[in-house]
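Read through the structure below, which is laid out as structure tokens, and then see the notes.
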Amino acid sequence: MGTILVGKSRPLRGEVGVDGSKNAVLPLLAATLLTEEVCEIADVPELNDVDVMCKLLRSFGAVVEEDKRAKSIKVIAKTLTANEAPCALVKQMRASILAMGPLLARTGRAKAPLPGGCAIGKRPIDLHLKGFRALGADIESMEDERSYGYVEAVAAKLAGGEIYLDTRSVGATENIVMAAALSEGNTIIENAAQEPEIVDLANFLNKMGAKIKGAGTDVIKIEGVKRLHGANHAVIPDRIEAATFMLAAAITKGDVTVTNMLSDHVKPVIAKLRECGVNVEDTERGTRVRVTGEFLSATNIKTLPYPGFPTDIQPQFMTFLSTVSGPSSVVETVFENRFMHVKELNRMNAGITVTEGRKAIIPGGRVLRGNQVKATDLRAGAALLLAGLAAERETEISDIYHIDRGYSNIVEKFSSLGANIKRSP
Ligand code: EPZ
């Protein structure tokens, strides 16, 4: 399985480019099931999760041609021979559930094992199912003999509907938009999630002939169409990878320009870095992040659905806050258990305390000490990697498969900036 070894690194310097967004490419690939014509997705990141999604599309009968060198994937879902997501794939990647909406709209039936929780929370799919019901589907959830939970949605033809999302769920918004795009009627989603990845999905679907308005706002209107045609689309840059590199520059007091990123997608992160005294500016080469002063000050963050501070940057930002002067607080409002990295950071002398479940107090001003630590989820793993860059002595991170799910060539990218980092077998 291997580990990643990280040593204290001098200030990172240079340029690094981000790849296509994991959280955009997964729904884009699911959406290719909505047409029998050819779709080509470009700027695809090389991630384990993308491989799992390709396997999932093939399991439904789609032809999927990956060109890793060209970073593109061609999908032809001409004939679908199955509409049940294999348990093994859903267990590997909960985003497999994003296939349900397209399968339901295209074939009238979609069945999947309940994805179940993960390190950061219960991760229910009740809002996905609420949306399918509003579009006219019958939903059945059952236990099979192995006592795995399954859910099945059936609808001879999807009609339009009105849905209010109790929580601004990214996945539920995406699943409902994909199902509603190929339905007979008009759909309105109220309290929709507004993430850039949803806008990217809507742009792709509209290229395919869908009629979607309001993506990126909290009200999305979809006029269903009878069929969708093939289209080509390039994935937006990964804003979470971009923010992770910005924090690497900050925590090592370096000078790094992150290229191929959209700074508009990380405004809260830029604002908070500036509050701490980090210099962030857009240049013609990209977004330049540098630390010029000796001391960086503390700040407080609270995660919220977009355009609020992204929960996917909360662990990495907490690592950074443990090294600045003065106490900070972090409140996590999106997931109920997204402080799994605190225990590991405290084994590196971060001294963080968690009060009433969702609030962490970071004393700051600590000298982190290297240790053997474990990645508990994707972004927690990234947070530990950042901690290793600043810590005295070496840090060894295990369970690095979490990191490889969401960051492609992360060791090479950090090495190119001068980080003291390597994989060990
Ligand atoms: C997406 O997950 C992202 N994953 C997550 O990124 C991200 O953290 C999350 O959105 C929030 O921004 C992908 O896009 C593949 P949600 P998703 O539905 O869609 C509750 C990463 O590290 N909820 O927006 O699963 C849920 O429990 C990953 O890249 C319901 O209650 O997240 C959570 O508390 C981690 N019922 C909140 O909504 C539902 O039916 C937000 O979840 C669905 C969700």
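The values are calculated or read from the model by the stated rules, or taken from the named source; none is laboratory data. Everything numeric here is computed off the predicted structure, so don't read it as measured data. Backbone-built Cβ (ideal geometry, glycine too); neighbour counts: all protein chains shown. Keep in mind that these areas ignore ligands, DNA and RNA; they rest on the heavy atoms of the full protein, side chains included. Shrake-Rupley method; radii C 1.70, N 1.55, O 1.52, S 1.80 Å.
Sparsely packed loop sites in the range 301-363 (the GluC sites (Glu not before Pro) outside DSSP H, G, I, E and B with at most 10 other Cβ atoms within 10 Å) comprise Glu356. Taking chymotrypsin sites (Phe, Trp or Tyr not before Pro) as exposed when their DSSP state is a loop state and no more than 16 other Cβ atoms lie within 10 Å, the longest site-free interval of the chain runs over 1-147.
Where both bridge residues fall in the chain, DSSP classifies roughly 70% of the beta bridges as antiparallel.
If one computes the Cα centroid of the range 287-359 and of the range 35-94, what distance in Å separates the two points? Computed from Cα coordinates, the inter-centre distance equals 35 Å. Computed about the Cα centre, the dipole magnitude for the range 282-425 is approximately 120 debye when only Lys and Arg (+1) and Asp and Glu (-1) carry charge, each at its Cβ. Per residue, the convex hull spanned by the Cα atoms of the chain amounts to 130 cubic angstrom.
Using the Cβ-Cβ distance between Glu190 and Thr259 with R0 set to 25 Å, the FRET efficiency works out to roughly 0.10.
For the pair Phe295 and Lys267, label points projected 7 Å from Cα toward Cβ lie 3.2 nm apart.
Which lysines have a Cα lying under 28 Å from the Cα of Lys413, excluding residues fewer than 8 positions away in the same chain? Hits, sequence-local ones excluded: Lys8, Lys22, Lys55, Lys68, Lys71, Lys74, Lys253, Lys267, Lys272, Lys343, Lys374, Lys422.
Taking the Cβ of Val170 as the center, what net charge do the other residues with Cβ under 10 Å away carry, scoring Lys and Arg +1 and Asp and Glu -1? So the surrounding residues net to -2.
Angle of helix 22-31 to the longest C-alpha principal axis of the chain, folded into 0 to 90 degrees and rounded to 10: 10°. Accessible surface of the chain, 1.4 Å probe: 49 percent of it comes from carbon and sulfur atoms.
Please label the shape of the range 271-360 as rounded, prolate or oblate, based on the square roots a ≥ b ≥ c of the eigenvalues of the alpha-carbon gyration tensor (a/c under 1.5 means rounded; beyond that, a/b larger than b/c means prolate, else oblate). Cα axes put the range 271-360 in the oblate bin. In sequence order, the range 355-369 has phi-based couplings of 10, 5, x, 10, 10, 10, 10, 10, x, x, x, 8, 8, 5, 10 Hz under the Karplus curve 6.51 cos²θ - 1.76 cosθ + 1.60, θ = phi - 60°, and Gly or Pro positions carry x.
Applying both filters, DSSP loop and at most 14 other Cβ atoms within 10 Å, to the trypsin sites (Lys or Arg not before Pro) of the range 71-122 gives Lys78, Lys122. The angle between the Cα long axis of helix 378-390 and the longest principal axis of the Cα atoms of the chain comes to about 20 degrees, rounded to the nearest 10. For GluC sites (Glu not before Pro), the sites in the range 242-304 that DSSP calls loop and that have at most 14 other Cβ atoms within 10 Å are Glu284, Glu294.
What is the list of residues in the range 161-188 whose amide nitrogen lies under 14 Å from a point 7 angstrom out from the Cα of Arg133, following Cα to Cβ? Those under the cut-off are 162-166.
Straight-line reach from Lys111: taking Cα to Cα under 14 Å and skipping same-chain neighbours fewer than 8 places apart, the aspartates and glutamates in range are Glu84, Asp138, Glu140, Glu143, Asp144, Glu152.
Under the criterion of Cα pairs below 8 Å and six or more residues apart, the relative contact order for the chain equals 20 percent.
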